[in-house]
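Novice: The structure's right below; bear with me while I get my questions together.
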There are 2 protein chains.
Amino acid sequence: MAFKTDIEIARDAKKKPIQEIGDTLGIPAEHLLPYGHDKAKVSQSFIDSVQDRADGKLILVTAINPTPAGEGKTTTTVGLGDGLNAIGKKAAICIREASLGPNFGMKGGAAGGGHAQVVPMEDMNLHFTGDFHAITSAHSLLSAMIDNHIYWGNEQEIDLRRVSWRRVVDMNDRALRQITTSLGGVANGFPRETGFDITVASEVMAILCLAKNLKDLEQRLGDMIVAYRRDRSPVYCRDIKAEGAMTVLLKDAMQPNLVQTLENNPAFVHGGPFANIAHGCNSVIATTTALKLADYVVTEAGFGADLGAEKFFDIKCRKAGLTPAAVVLVATVRAMKMNGGVAKADLGAENVEAVKAGCANLGRHIENLKGFGVPVVVGINHFAGDTEAEIEAVKAFVAEQGSEAILCKHWADGSAGMTEMATRIAEIADGGSAEFGTLYPDEMGLAEKIETIATRIYRADSAVIDGKIRAQLKEWEDQGYGNLPICMAKTQYSFSTDPAQRGAPTGFTIPVREVRLSAGAGFIVAICGEIMTMPGLPRQPAAETIRLNDEGLIEGLF
Amino acid sequence: MAFKTDIEIARDAKKKPIQEIGDTLGIPAEHLLPYGHDKAKVSQSFIDSVQDRADGKLILVTAINPTPAGEGKTTTTVGLGDGLNAIGKKAAICIREASLGPNFGMKGGAAGGGHAQVVPMEDMNLHFTGDFHAITSAHSLLSAMIDNHIYWGNEQEIDLRRVSWRRVVDMNDRALRQITTSLGGVANGFPRETGFDITVASEVMAILCLAKNLKDLEQRLGDMIVAYRRDRSPVYCRDIKAEGAMTVLLKDAMQPNLVQTLENNPAFVHGGPFANIAHGCNSVIATTTALKLADYVVTEAGFGADLGAEKFFDIKCRKAGLTPAAVVLVATVRAMKMNGGVAKADLGAENVEAVKAGCANLGRHIENLKGFGVPVVVGINHFAGDTEAEIEAVKAFVAEQGSEAILCKHWADGSAGMTEMATRIAEIADGGSAEFGTLYPDEMGLAEKIETIATRIYRADSAVIDGKIRAQLKEWEDQGYGNLPICMAKTQYSFSTDPAQRGAPTGFTIPVREVRLSAGAGFIVAICGEIMTMPGLPRQPAAETIRLNDEGLIEGLF
C-alpha cells in the first residue's frame, strides 16, 4: 500500500459546512462570518457575549529543539484535539496562520500532517481570510503617514535618520531589505534609508496576537514607537494619528478564524507572529475565545520549548492571564538519535545507544517546563521505522526524570492513535495539579530578566550584556518600560546561540547583540545572533512550478 | 426634514442574505462562496455551466466630462438597475471595486449615492473580498522573482537598467515612487533604481479585468513584458516562470463578487483598473457572467465618454465580443452650468443661458456615441436646486441633436425616480436598433489609431507623435503587436489635454509624450499629459480622523 501524501489526505477530507463546526461549540450561524463554505470568523459581538463564562483547560504542546528529522508539534496539537474529542471531551485547538510569502520559496506547509491535519490546507497557505493582508495594509498605512508627515512640514520634528518604523510585504523579497526612498525630487519627499520586513515580523502582527479586544488593539497601536527626534525622545504612532484608521483596517482581522480538523473538530487558526523577534503564538483572542467555548483547548508555541514555551508562559500567559493546566512535550525517536549524533541519512537503522545519548536535550526541557509549575507529559510522535527498543529507551529515560512518555500514532491513525495521551492529559488537566508561575516577576530589572532566562532556561554561565546595551535597558526602565517581559531572539536549534550544539550543552554564554523596544506589543526583544526579518527566495523557488492543473487543482504548492 | 447622508442611508438598508440575491439570478447557494452574510463570489464552475445560455442586453452608462459639480454616473447605473427591476425586468448591474489606499487620503467613495447605492458600503471601501490584495500579492511575487532571477545568475541576461516591471502597493505612498533597491551588500542583490505604483495601476489588474477565464489569465500573465536584455529583446513574465503561481494567487480573485443595491437587486462589483493607463472598466468575467444570468445588464466606464466609453467600446467590447444595446449619457444641470462658465459657488442660482452655453460638451458626446452605432439617451441626474426652465433647456438641446433626455430622480426616490428611463431603455434595448461597431479596425496602424481617436473623438486637429515614438510604434508592429487597440491616457476634464478647456474645444492638438506596451493586457498606452501612478496623501489625510466609535461603527471614512 502506497502512503498518501498530506495534500492527498487533505483533499479526501469529508469537510462539514463550517456552520456545523461552529454549532459543536454553540456558535449560532449568524455569528459566524463565512469565508467560503469551510472557513468563518467568529463575530466580535458573540465573543463579547460569552465573556462571563468559565474557562476550559488550557494545554500547551511544545517540543524539544527542532532537528532536520522533524518533530511534528502541530501534528500532535491536531491529533490531541481530535483525541480528546474522540474520548468524549469537548475540545478545540488553536494554532497559527501561515505566512504567504515563504510558500513561494520552499514548498508550503501543511497544518499538521498525515491523519492529523487542519483543512482547507490550500486556503490556509494562500490568502486564507485575509488577516495578513489586513496587517500589511495597516502597517503600510502607518509607513505612508510617517513619510507624509515629514513631507508636509514634519511638525513632530522627526529625525530623518531615526525613523525606526520600516515597511512590510508578505513576500520573500531580499531586494527590499535595504532601500533608499523618496528619490526623484521635491514632489516625492525627503530621501532616506529604510527597508522592508516580511509581514509576520511587523509589530502590528505581534499586537494583533496579544490584544484582548479592539480597544486594547487601538491603544497598543498608538503606543508603538515609530521614530525619534533629535533629542532622542520617541515619536509614537499616536503622534502620527494613525492608530484609529489602522484599527478600522484590522477590525475583521481581529476576529478569530474557525476551520476544522480532518475529523471535523473545531480549530481556531489565528495570527502568526515571528517566533524570534516576537512571541510566536496564535492570538490571545482566539485562545481566550476557545477557552469560553470548549472544555479543553490545545495550543502550541513556536520553535522548541526553550524559546516557544518560555515565551508562551512569560509573554502570552502573563499578559492574557492564562493558566495552562498541562504541557505535552513532543519528541521523536529520530530526533533523539540526531541529538545523539546520528546523521540524517542513517536514521533508518536501529540505534538505541544514540537514542539514550540524545535524551539529554529532552531531559533539560522536561526540567525547565516543570519549573513553570505545569505537569509535563512527553508525547513520542511515532514514525514507522521506530523500533520497540528505541521507544522503550525514551520511555525509560523520561520515567527516570519523574515524568511519563506516551506513544502517539495520530499521524497514521488520527484520534485512534491518540487515545492514551488524550485520556491522560484530560485526567491531569481535570486533576488541577498545575501551579503555574512565570519565570520572573514583572518588577525584576530588564537585564536581570535576560540573565534569568539565559541561566535558568538555556543553562548558560551568563548573559553577556555590554555597557551600551545596559544603558539602553536602564533608559527604558527610567521611561517606565521596566515592567515589560523579555522576548528572546535566538537560534531555535540549540539551548546555546550555536545551532550546531545539540543535546544539553553547558559552558557557554549568551551574548546579547542588540535590544529593541516593542512598546505596543509590550515586550523588549533581546537579539542573540543573526536574525533575518526579510527572507530571500532560493535559486529554484517553488513558485516556478506552482500552477493550476487542468482539473483546477493547485500543483507544486505542497 | 434633514437629508440623510449616503452612509446613513446605507446603514439603514434592509439587506437580504446574499443567497437570496443570488437566487434571483438562479445561482444555487452552493455556487456562492460567501464572504460574510452580504457578499459572495460566484463559483467558476457555475460560470462554466452557463456558457451556452443566450446573453442579455448590455447597457452602458457614461457621462459628460466630469466637473467639480459631480455627475453621478455610478448613482445612475445603480438607479437604472433598480428601475429596470422595478418595472418587472430581470436586471443586474456591473461596477468596479474601489481602491483601498486613496480612502486614507480623501474620504472614501460610496458606490452610488442617495437612494441609489450598492451595499455593504464600508466593506467595499476596505478589504471587500480581498481581490486587490490578491493582485498586489501576484504582482509582488513577480517583482521578487525578477530580482531573485538576477541574484542567482541572471540566466535571462536581463539588463539591470531596463527592468520595466515595478512594484505595487495599495496605498498612497509618494515616498515609494522612486527608490533604490538591493542596497546593503552582496546578500541583498544588485542595486538598481525602481519604484512602486498603486495596485490599480498594475498590468495584473488590467489583465484580471480582461481575461475570459483562468487559462486566458495565465496566458496573458505570461505574455507581460517585464524587462529587456542589452540587445533590447523583451524578457517576458513567462521567462521568469511566474505566471503559474500568479494564477494560483488570483484564482479566487477571478470569481466575480455579488452584492446588492439598497433595493435588494443584484450588483456585480469586480475589478478596478486605472482609467488612464488602463481601460477603466469592471471585469469582463463579471459582465459576461451577468449577461448570462440577467436580461438586462447595466454597466459603466471610467471618466467621461471621450475616455471611458471609447475604451469600453474599443478595448473591452472589442476583446470580449460584447455588443452594447444602448447608452445612457449622464449629465446634470449643474455640470452644464459649469461648462457654461459658472463658478461652483454660484451653482445655486438659476442660469438658463449658462446651461445652454454648457450643452456643447454634451452635444459632442452624443455625436461621438452615436458614431459607435449605439442609441443614446441622456439621463439628467436631478439635483434639488435644478429649475424647470434649466431642465427644459437641456431637454430642448438634446432634442435638437436628434436624441432624447429623461429626468432621473433616483438619488432622491430610488427606482421610483427611474421609471421613465428604465421603460425607455428597455424599449430601445429590446428594439434591437443598435449596430455597434468599434472606432477603428484591428488592422489599422498604431499611429493611425491614435490619430483617429484624437481627431474623431477629441476633435483635435491632429495627434502630435514625434519620430522616436513613431519608431517605437513601428517596432511593436514589426513584433506582431500592431493589431492591439490603443488605451489613451489623457486628462478626463476636457476633450483636449488642457483640463481647463471645458465645453467642446477646437483648434488644439494631442501631443503624445510616451507610449507603453501592455503586452499581457493587450493594448498600447498612449500617454498625453502628466499621469500619476502613485498618489500621495494630502496634508491632513482622512486617515487621521478615521476610527471605530464606541458602537463599533466606522467614523471618518465617508
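Since every read-out is calculated from the coordinates, none of them should be taken as a lab result. All values derive from a computational prediction rather than experimental measurement. As a convention, Cβ positions derive from the backbone with ideal geometry for all residues, glycine included, and neighbour counts pool all protein chains shown.
Novice: Convex hull over the alpha-carbon atoms of segment A:424-558: what's its volume per residue in Å³?
Specialist: 229 Å³
Novice: Another question about this same structure. In whole Hz, what ³J(HN,Hα) sequence does segment B:46-59 give by Karplus (6.51, -1.76, 1.60; θ = phi - 60°), x for Gly and Pro?
Specialist: Computed from phi, the couplings for segment B:46-59 are 5, 4, 4, 6, 10, 5, 7, 6, 6, 8, x, 8, 9, 10 Hz.
Novice: Three principal axis extents, largest first, for the C-alpha atoms of the protein assembly as shown, in Å?
Specialist: So the three principal-axis extents are 101, 59, 55 Å.
Novice: Place a +1 charge on the Cβ of each Lys and Arg in segment A:337-397 and a -1 charge on the Cβ of each Asp and Glu, then give the dipole magnitude about the Cα centre in debye, rounded to the nearest 20.
Specialist: 320 debye
Novice: Something else: Please report, in debye to the nearest 20, how large the charge dipole of segment B:446-528 is about its Cα centre when each Lys and Arg carries +1 at its beta carbon and each Asp and Glu carries -1 there.
Specialist: In total the dipole reaches around 240 debye.
Novice: If you don't mind, there's one more thing I want to ask. Considering only DSSP beta bridges with both partners in segment A:131-247, what is the antiparallel share in %, to the nearest 5?
Specialist: 75 percent
Novice: Sticking with this structure for a sec: How much of the pair distance distribution for segment A:131-247 lies past 21 Å, counting alpha-carbon pairs only, in percent?
Specialist: Roughly 36 percent, once rounded to a whole number.
Novice: How long, wide and thick is chain A, going by the Cα atoms along their three principal axes, in whole angstroms, largest first?
Specialist: 71, 56, 52
Novice: Let me ask something additional. May I ask what percent, to the nearest 5, of DSSP beta bridges between residues of chain A are antiparallel?
Specialist: Roughly 45 percent of the DSSP beta bridges within chain A come out antiparallel.
Novice: So, one more: Once label points are set 7 Å from the Cα along Cα→Cβ at both residue A:427 and residue B:212, what is their separation, rounded to one decimal in nm?
Specialist: Taking the simple label geometry, residue A:427 and residue B:212 are separated by 6.7 nm.
Novice: For segment B:175-332, how many pairs of lysine residues have a Cα-Cα distance under 12 Å, where the two are 8 or more positions apart or belong to different chains?
Specialist: Taking the Cα cut-off of 12 Å, the pair count is 4.
Novice: With θ set to phi - 60° and the Karplus curve 6.51 cos²θ - 1.76 cosθ + 1.60, what are the ³J(HN,Hα) couplings of segment B:255-262 in order, to the nearest whole Hz, using x for Gly and Pro?
Specialist: Those phi angles translate into 7, x, 8, 10, 9, 9, 7, 4 Hz.
Novice: Which of A:153, A:85, A:62 sits closest to the plus end of the dipole of the protein assembly as shown, meaning its Cα is farthest towards the positive end, when Lys and Arg get +1 and Asp and Glu get -1 on the C-beta?
Specialist: A:153
Novice: Something else: Counting partner chain Cβ atoms within 10 Å of every residue's Cβ in A:240-253, what's the average?
Specialist: Taking all residues of A:240-253 together, the mean is 6.
Novice: While we're looking at this one, here's another question. Kindly provide the helix-only [θ] at 222 nm of the protein assembly as shown, computed as the sum of -39,500 (n - 2.57) over DSSP H runs of four or more divided by all residues, to the nearest 500 deg cm²/dmol?
Specialist: -9000 deg cm²/dmol
Novice: Quick one: if the Förster radius is 25 Å, what FRET efficiency do residue A:514 and residue A:442 give, using the C-beta to C-beta distance and rounding to 0.05?
Specialist: So, using R0 = 25 Å, E works out to roughly 0.60.
Novice: For Cα pairs less than 8 Å apart in space and 6+ apart in sequence, what is the mean separation divided by the residue count of chain B, i.e. the relative contact order in percent?
Specialist: 20 percent
Novice: Please tell me the relative contact order of segment B:446-528 in percent, rounded to the nearest whole number, where contacts are Cα pairs under 8 Å and at least six residues apart.
Specialist: RCO, segment B:446-528: 33 percent.
Novice: Assign one of three labels to segment A:1-52, namely rounded, prolate or oblate, based on the Cα gyration tensor with a ≥ b ≥ c the square roots of its eigenvalues; rounded applies when a/c is under 1.5, prolate when it is not and a/b is larger than b/c, and oblate otherwise.
Specialist: Judged from the Cα gyration tensor, segment A:1-52 comes out prolate (a/c at least 1.5, a/b above b/c).
Novice: Let me ask something additional. Where does each of B:216, B:38 land when they are ranked from fewest to most other beta-carbon atoms within 10 angstrom?
Specialist: If I rank by nearby Cβ atoms, fewest first, I get B:216, B:38.
Novice: If you split all Cα-Cα distances of segment A:342-496 into 5 Å bins from zero, what percentages do you get per bin, shortest first?
Specialist: 2, 7, 12, 15, 15, 14, 12, 9, 7, 5, 2, 0
Novice: Looking at B:113, A:136, B:269, which one has the Cα that reaches farthest to the positive end of the dipole of the protein assembly as shown (charges on Cβ: Lys, Arg +1; Asp, Glu -1)?
Specialist: Value: A:136.
Novice: Could you check what % of the DSSP bridge pairs in the protein assembly as shown are antiparallel, to the nearest 5?
Specialist: 45 percent
Novice: In addition: For the residues B:423, B:74, A:5, what sequence is obtained by ranking on other C-beta atoms within 10 Å, fewest first?
Specialist: The order, fewest Cβ neighbours first, is A:5, B:423, B:74.
Novice: For each of B:403, A:164, count neighbouring Cβ atoms within 10 Å of the residue's Cβ, then give the residues from fewest to most.
Specialist: So the ranking, lowest neighbour count to highest, is A:164, B:403.
Novice: Quickly work out the residue B:470-to-residue B:387 label distance, labels modelled 7 Å from Cα along the C-beta direction, and quote it in nm with one decimal.
Specialist: Roughly 5.4 nm, to one decimal.
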